[in-house]
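One structure below.
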Amino acid sequence: MVLKEITKELETSKDPVHKMLWKGENSHTLAIGFRKGMQLHKHKSDIPARIIVIKGEVVYNSDNGATTLGLYDEFQIPVKEFHWVDANEDSLM
């Protein structure tokens, strides 16, 4: 029900909504929802990370450039790379 919870919370949120889908000893899976125009602030990950878009379209940005990701696109985020995500549409990843 996590994705449904994110979708519901997005109705009133001014920021992206994220929730833990799964947490293991050395890794975890997050779901992040956006309304069109929202931005996930600049940050970095100290562990390997991957974006998988399951609804909408987002733009992955870093100092190395921007990559537009649509439905079912995947993107491997380099460890320790500062990045941010902009939503071109209502989106889930």
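The values are calculated or read from the model by the stated rules, or taken from the named source; none is laboratory data. Note that the structure is a prediction, hence the values are computed from the model and not measured. Virtual Cβ from ideal backbone geometry, glycine too; neighbours counted across all protein chains shown. Side chains included, ligands, DNA and RNA excluded: accessible areas come from the protein's heavy atoms. Shrake-Rupley method; radii C 1.70, N 1.55, O 1.52, S 1.80 Å.
Highest mean packing comes first when the peptides 60-69, 21-30, 41-50 are listed by Cβ atoms within 10 Å, giving 60-69, 41-50, 21-30. Each label was represented as a point 7 Å from its Cα along the Cα-to-Cβ direction; for residue 3 and residue 27 these points are 2.0 nm apart.
In this structure the chain gives 66 Å² per residue of accessible area when probed at 1.4 Å with all protein chains present. By the rule of a C-alpha distance below 23 Å, with chain neighbours fewer than 8 residues away ignored, the lysines paired with residue 80 are 19, 23, 42, 44. For the chain, taking the reciprocal of the average inverse distance between every pair of different Cα atoms yields a Kirkwood hydrodynamic radius of 13.4 Å. Note on the chain: with neighbouring protein chains present and a 1.4 Å probe, carbon and sulfur make up 52 percent of its accessible heavy-atom surface. The alpha-carbon atoms of region 39-82, seen along their principal axes, cover 25, 18, 16 angstrom, with the largest extent given first. Taking max minus min of the alpha-carbon positions on each principal axis, region 1-51 gives extents of 33, 27, 13 Å, largest first.
Ignoring aspartates and glutamates fewer than eight residues from residue 8 along the same chain, the ones with Cα atoms less than 17 angstrom from its Cα are 89, 90. Helical runs (DSSP H, four residues minimum) scored at -39500 (n - 2.57) apiece and divided by the length of the chain put the mean residue ellipticity at 222 nm at -2500 deg cm²/dmol.
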